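Student: Just dropping this structure here.
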Amino acid sequence: MTARATARDGALAPRLLAWFDGHARDLPWRRDPSPYRTLVSELMLQQTVVATVIPYFQRFVARWPEVTALAAAGEDDVLAMWSGLGYYSRARNLHRAARAVVERHGGALPSDEQALAELPGVGPYTAAAVAAIAFGRRTFALDGNAARVVARLAGVEAPIDRPATRTQLRVLGQEWVPADRPGAFAEAVMELGATVCTPRAPGCARCPVAARCRAREMARTTEIPARSPRRARKVVRVACARIFREGRVLLVKQRTGLLAGTWGLPARELPQDGASASPARVLVSTLHRLGVEPRSLILAGDVRHVFTHRDVTATVFDATPAADRAGRAAEADRRATDDDVRWVSPHELTTLAVSSFLRKLLEVPAASRLQGPSPTRRPGRGSGRGAKGDKRLESP
Ligand code: SF4
């Protein structure tokens, strides 16, 4: 039997739709699947589980119930609403897409799949999902769940991350889309993948289409879908500084990288041959650029955070700025009135766009609490924390 023979099975869609009608989870974006709400939910659900997305989705559409409202919002507000959800490029893209909908389409999302795919940040999957779910277009949306389901049903053994395999899976899936209720079919396939045909332990005994599943027939549900060997994550080391003053912490806005648009600690990536670089020395030059003259940098600890393609270890220092307000510290105050440098209170942290990575960095116990007061200090530089008893003191 070939994959295409399975694809011709006309009973697949009715069985799946009947199962979906009785088993679909009650999710907020399903209650009113308007094009805008569908777009928001699909972008939020990328790389993120449903339970995490639900409260973000509800807050987001309560604040911006229409695409025109989102288009009029400021990017900082959008990123703040997205704080903690991760993959911040999705938030920036959603915002840009909303503005493009207003500029190009008069404030109404287009129903055409191609026009949807031309919106900023809207890829083939999202365009197909919105076209099918919100506009009833007869198209197949191939996300990770759908790819796994199609590969198993059709017995596709090639790695599903290869572009050629994705194309094959999309063609197969497209053949199964019924003329009636294509949007429900798209959701049914995704739902099956999320709740029954799960990656490690598919629930074949309760699967509505088990009788038509090639992988089950071949007893290869654990081998399918196959994946190409993963590329190792890039290992990155950074040094970052926590500088507190009057209960506020100095933050800078990230302009590039994975966390662009969010606020973070002053930080510097360390050279790959980390053994030859003193994290504190590297960090000091970054602080100087911000107008901070650190009197001391005391190691608070290391934080590891794994992103999709990066394995980051951050060395956190607590920096004590020099007390000379007339000197370089004044420059930090001046910079703090800029758009990209700010002294932030704990309350403001709840309203700004901040990543879960920053929250982890701020949660590291303060160096002083770890080490206790130090009896030594740099000569002639006030009463700063010193070396003896410290985990490490690295002077600039
Ligand atoms: Fe997935 Fe098992 Fe159903 Fe096949 S029978 S589609 S492997 S749950």
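Student: Might you let me know whether region 375-393 holds any residue that is in contact with a Lys or Arg (Cβ under 9 Å, 6 or more places away or on another chain), at pLDDT 60 or above and buried (at least 19 other Cβ atoms within 10 Å of the Cβ)?
Tutor: no
Student: All but one of (1) more than 10 Å from the ligand (Cβ to nearest atom); (2) open to solvent by 30 Å² or more (accessible area, probe 1.4 Å); (3) among the charged types (D, E, K, R) hold for residue 206; state the number of the condition that does not hold.
Tutor: (1)
Student: Kindly list, by first and then second residue, each pair from a residue in region 36-60 that is modelled with pLDDT of 95 or more to a residue that is part of a loop (DSSP other than H, G, I, E, B), limited to pairs with Cβ atoms under 6 Å and residues at least 6 apart or on different chains.
Tutor: From region 36-60, the pairs are 56/85.
Student: Taking residue 175 as meeting all but one of (1) within 15 Å of the ligand (Cβ to nearest atom); (2) touching a residue at least 12 places away in the same chain (Cβ under 8 Å); (3) charged (D, E, K, R), write down the number of the exception.
Tutor: Just one mismatch for residue 175, condition (1).
Student: Being part of a helix (DSSP H, G or I) and either near the ligand (Cβ under 10 Å from one of its atoms) or open to solvent by 50 Å² or more (accessible area, probe 1.4 Å) (or both), is that true of even one residue in region 230-238? Break it down stepwise before answering.
Tutor: Quick first cut of region 230-238, residues part of a helix (DSSP H, G or I) only: none.
No, region 230-238 contains no residue that is part of a helix (DSSP H, G or I) and either near the ligand (Cβ under 10 Å from one of its atoms) or open to solvent by 50 Å² or more (accessible area, probe 1.4 Å) (or both).
Student: Pick from region 209-229 the residues that are surrounded by fewer than 14 Cβ atoms within 10 Å (Cβ to Cβ) and polar (S, T, N, Q): which of them is nearest to residue 262 (Cα to Cα)? Walk me through it before giving the result.
Tutor: Just the residues of region 209-229 that are surrounded by fewer than 14 Cβ atoms within 10 Å (Cβ to Cβ), to begin with: 211, 219, 222-223, 227-229.
Filter once more, so that each one left must be polar (S, T, N, Q): 222, 228.
Values: 222: 40, 228: 33 Å.
That would be 228.
Student: Under the condition of being within 24 Å of the chain's Cα centre (by Cα) and in contact (Cβ under 8 Å) with a residue 60 or more places away in the chain, which residue from region 144-154 is farthest from the ligand (Cβ to nearest atom)?
Tutor: Selected residue: 147.
Student: Something else: Looking only at region 239-285, filter to residues that are among the acidic types (Asp, Glu) and either part of a loop (DSSP other than H, G, I, E, B) or modelled with pLDDT of 90 or more (or both); which one of those is farthest from residue 348 (Cα to Cα)? Reasoning before the result, please.
Tutor: Keep residues of region 239-285 that are among the acidic types (Asp, Glu), which gives 246, 269, 273.
With the extra rule that they be either part of a loop (DSSP other than H, G, I, E, B) or modelled with pLDDT of 90 or more (or both), the set shrinks to 246, 273.
Details: 246: 14, 273: 37 Å.
That would be 273.
Student: Could you tell me whether any residue of region 156-163 is open to solvent by less than 10 Å² (accessible area, probe 1.4 Å) and touching a helix residue (DSSP H, G or I) at 6+ places or on another chain (Cβ under 8 Å)?
Tutor: Step one: of region 156-163, the residues open to solvent by less than 10 Å² (accessible area, probe 1.4 Å) are 156, 160.
Checking the rest, the ones that are also touching a helix residue (DSSP H, G or I) at 6+ places or on another chain (Cβ under 8 Å) come to 156, 160.
Yes: one or more hits.
Student: Scan 303, 364 and give me the residue that is touching a Lys or Arg at 6+ places or on another chain (Cβ under 7 Å), closer than 25 Å to residue 87 by Cα, at pLDDT 80 or above and surrounded by 14 or more Cβ atoms within 10 Å (Cβ to Cβ).
Tutor: 303
Student: So residue 227 ticks every box in (1) assigned by TED's automatic domain parsing to the domain that holds residue 16; (2) more than 10 Å from the ligand (Cβ to nearest atom) but one. Which box is left unticked?
Tutor: Just one mismatch for residue 227, condition (1).
Student: Quick one: which of 2, 6 is at pLDDT below 95 and open to solvent by less than 30 Å² (accessible area, probe 1.4 Å)? Don't jump to the end; show me each part of the working.
Tutor: Details: 2 fails: open to solvent by less than 30 Å² (accessible area, probe 1.4 Å).
On inspection, the qualifying residue turns out to be 6.
Student: I would also like to ask the following. Tell me which residues, restricted to region 108-154, are touching an Asp or Glu at 6+ places or on another chain (Cβ under 9 Å) and open to solvent by 20 Å² or more (accessible area, probe 1.4 Å).
Tutor: 124, 125, 133, 135, 137, 143, 145
Student: Quick check on residue 219: is it within 12 Å of the ligand (Cβ to nearest atom) and modelled with pLDDT under 95? Before you say what the answer is, go through the steps one by one.
Tutor: Working: within 12 Å of the ligand (Cβ to nearest atom): yes; modelled with pLDDT under 95: no.
Considered against the rule, which asks whether it is within 12 Å of the ligand (Cβ to nearest atom) and modelled with pLDDT under 95, residue 219 comes out as no.
Student: Take residue 43 and tell me if it is under 30 Å from residue 80 (Cα atoms), assigned to a helix (DSSP H, G or I) and open to solvent by less than 50 Å² (accessible area, probe 1.4 Å).
Tutor: Values: under 30 Å from residue 80 (Cα atoms): yes; assigned to a helix (DSSP H, G or I): yes; open to solvent by less than 50 Å² (accessible area, probe 1.4 Å): yes.
For residue 43, the condition - under 30 Å from residue 80 (Cα atoms), assigned to a helix (DSSP H, G or I) and open to solvent by less than 50 Å² (accessible area, probe 1.4 Å) - is met.
The values are calculated or read from the model by the stated rules, or taken from the named source; none is laboratory data. Values in this document were obtained by computation on a predicted structure and should not be read as measured data. Glycine also receives a Cβ, built like all others from the backbone with ideal geometry; neighbour counts cover every protein chain displayed. All accessible areas refer to the heavy atoms of the entire protein, side chains included, with ligands and DNA or RNA removed. Shrake-Rupley method; radii C 1.70, N 1.55, O 1.52, S 1.80 Å.
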